[in-house]
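The values are calculated or read from the model by the stated rules, or taken from the named source; none is laboratory data. None of the values given here were measured: they were computed from a predicted structure. Glycine gets a Cβ as well: all are built from the backbone with ideal geometry, and neighbour counts include every protein chain shown. Side chains included, ligands, DNA and RNA excluded: accessible areas come from the protein's heavy atoms. Shrake-Rupley method; radii C 1.70, N 1.55, O 1.52, S 1.80 Å.
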Amino acid sequence: MARWREFLPQVPAYALARNGVGREHGAVSRLSGAIRFGVLTPEELVGEAVRAHGFVRVEKWVQELCWRDYWQSWLRVRPGVWTAWRRRVRRLEMVGDAGMLARAEAVAAGRSGVAVMDGFARELRETGYLHNHARMWWAAFWVHAEQLPWELGAAFFFRELRDADPASNTLSWRWVAGLQTPGKHYLARRRNLEQWCAPELIADDAGLERLEGESAAGVAEDAVKDLERVALPDDLTAWDGDAGRMGIWMHPDDCCLERSPLAGAKPVAVAACFPVPCGEMYGLSALRVAAVRTVLDDGLGRAAEHFGCGVERLEAEEVAGALREWAVRERLDVVAAMRPATGPVADALPAIGRELEAAGVRLRFLQRPWKAALQGYATAGFFPFWKRASGWLAGGAAGLLTEC
Ligand SMILES: Cc1cc2nc3c(=O)[nH]c(=O)nc-3n(C[C@H](O)[C@H](O)[C@H](O)COP(=O)(O)OP(=O)(O)OC[C@H]3O[C@@H](n4cnc5c(N)ncnc54)[C@H](O)[C@@H]3O)c2cc1C
């Protein structure tokens, strides 16, 4: 909230200033770590920005904010792209060429020999954050200059970024590699870095010549089955007061229950679960694991105040079993949750559904009306999406804009 209050007066300047990369990142919001976990929601940030400045003056920032919803909507109907990425990472890590794996490790450790890129790799490891432009350059360097598999680069970001988001990360890497928008890829060019980097970032120009005249690496196309679209479940956008003892399961995809469609519910208990093995399975950095624990505790604290019921954070080897034990202990008839986005939380849903069903507990999901509306506009590429979404937003977003 403190960062948002500081950034709000600057939102109109964002469109012109956002591409510059320095050490402080003052021209961008640095709010992704909060937005990704739903600690701050787009509907309240957009609401306050529009109220303070009017839609037209903040449109660029709002458009960037909506990229996350667009990417999540895209991946939600094509979850095979997420599972294919995970499969491929495991395979490369197990049977990938030893020379390639050693080079990937060196580049990720900041030992590529291109000083500016090595600085970005160190910044990412030390802070868990990188500016968007630096993410683009670094990913392009990995894929096109180093010719390393994009999947391993995305896995490195996924481990280290405090805002790591399955959709924004996987699909941005695919975009840089030229897979997301066929025929289009992104290259890191020396001229571009010299234009947008603060002088101190490129004072050491070692290796910069490698970014001159670079051409795109030929990245293999996806197997068609991974791009197949799935039908979406029909989630509630408001709680219907389902009878019986109700508990809420809070997860890292939405840590803001008190400002969600569940706000009016009367739970007897709220639980959040940190899946211990998930941290190990993805090799998450200590910073990343701490960030997830922090947002879960923060969300539980606000939920306790709002709902006035018992809350607990379950540290479990296995989420499904832990939720079942909790539901049985609390004698619940129904567990409600916000619908998770495609990613590690959603991957656990089949097991969670089975465990709760075996205990005679119903599991029900809700979707934020904001997400449901934007999902409806995300039927093709980003620009058709934005044409429809920006019209909706400029017209007041059907009364959904709120404040923090
Ligand atoms: C290779 C690559 C990997 C990325 N991985 C992630 C990731 O794992 N998690 C993540 O949150 N973002 C990711 N992004 C998108 C973007 O870089 C970050 O959201 C942004 O840099 C976060 O910084 P900020 O909060 O200061 O952004 P600002 O510039 O202030 O933007 C405001 C908000 O808009 C959203 N946003 C901005 N740009 C994008 C974008 N290109 N795509 C999606 N949402 C955007 C974020 O919620 C961000 O907090 C990735 C981009 C690239 C090129």
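Do the conditions hold for V28, that is, is it outside the structural domain of L300 (by TED's automatic domain parsing), more than 13 Å from the ligand (Cβ to nearest atom), closer than 23 Å to W137 by Cβ and not charged (D, E, K, R)? The answer is no for V28.
Taking R159 as the residue in question, decide whether it is among the basic types (K, R), more than 20 Å from L92 (Cβ to Cβ), open to solvent by 30 Å² or more (accessible area, probe 1.4 Å) and more than 8 Å from the ligand (Cβ to nearest atom). Here the answer is no, as R159 does not meet what is asked. Looking across segment 98-117, the residues that are surrounded by fewer than 20 Cβ atoms within 10 Å (Cβ to Cβ) and assigned to a helix (DSSP H, G or I) come down to A98, G99, M100, L101, A102, R103, E105, A106, A115. Being more than 14 Å from the chain's Cα centre (by Cα), outside the structural domain of M281 (by TED's automatic domain parsing) and more than 23 Å from G22 (Cβ to Cβ) holds for only one residue in E105, E123, and it is E105.
Quick grid of which residues meet (1) surrounded by 11 or more Cβ atoms within 10 Å (Cβ to Cβ); (2) within 16 Å of the ligand (Cβ to nearest atom); (3) within 30 Å of L257 (Cβ to Cβ); (4) within 25 Å of the chain's Cα centre (by Cα):
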site: P166; (1), (2), (3), (4): yes, yes, yes, yes
site: T170; (1), (2), (3), (4): yes, yes, yes, yes
site: V176; (1), (2), (3), (4): yes, yes, no, yes
site: A188; (1), (2), (3), (4): yes, yes, no, yes
site: D235; (1), (2), (3), (4): yes, no, yes, yes
site: D242; (1), (2), (3), (4): yes, no, yes, no
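Among all positions in segment 371-392, there is no residue which is in contact with a strand residue (DSSP E or B) (Cβ under 6 Å, 6 or more places away or on another chain) and under 26 Å from V230 (Cα atoms). Since L130 meets every condition but one in (1) surrounded by 21 or more Cβ atoms within 10 Å (Cβ to Cβ); (2) part of a helix (DSSP H, G or I); (3) near the ligand (Cβ under 8 Å from one of its atoms), which condition does it not meet? Condition not satisfied by L130: (2). Select from segment 1-39 the residues that are more than 26 Å from C255 (Cα to Cα) and crowded, with 17+ Cβ neighbours inside 10 Å and write down the one among them that is farthest from the chain's Cα centre (by Cα). Checking each candidate, the answer is P12.
Every condition in (1) at pLDDT 95 or above; (2) within 21 Å of L236 (Cα to Cα); (3) open to solvent by 30 Å² or more (accessible area, probe 1.4 Å) holds for E355 except the one numbered (2). Residues in segment 362-396 that are among the small types (G, A, S) and not in a helix (DSSP H, G or I): A378, A380, G381, G395, G396. Against the numbered list (1) farther than 27 Å from W74 by Cα; (2) open to solvent by 20 Å² or more (accessible area, probe 1.4 Å); (3) of a type outside the set (S, T, N, Q); (4) out of contact with any Pro (no Cβ under 6 Å at 6 or more places or on another chain), G207 comes up short only at (2). Listed by first and then second residue, the pairs linking a residue in segment 226-242 that is of a type in the set (V, I, T) to a residue that is not in a loop (DSSP other than H, G, I, E, B), with Cβ atoms under 6 Å apart and 6 or more places separating them unless they lie on different chains, are T237/P369; T237/A372.
Candidates V219, V230: the one that is closer than 30 Å to V334 by Cα and either at pLDDT 90 or above or part of a loop (DSSP other than H, G, I, E, B) (or both) is V230. Checked against the criterion of being under 30 Å from D297 (Cβ atoms) and outside the structural domain of L8 (by TED's automatic domain parsing), the candidates V46, V89, V39, V95 yield just one match: V89.
When the residues of segment 43-96 are filtered to those that are closer than 27 Å to P233 by Cα and not in a helix (DSSP H, G or I), the one that is least open to solvent (accessible area, probe 1.4 Å) is V77.
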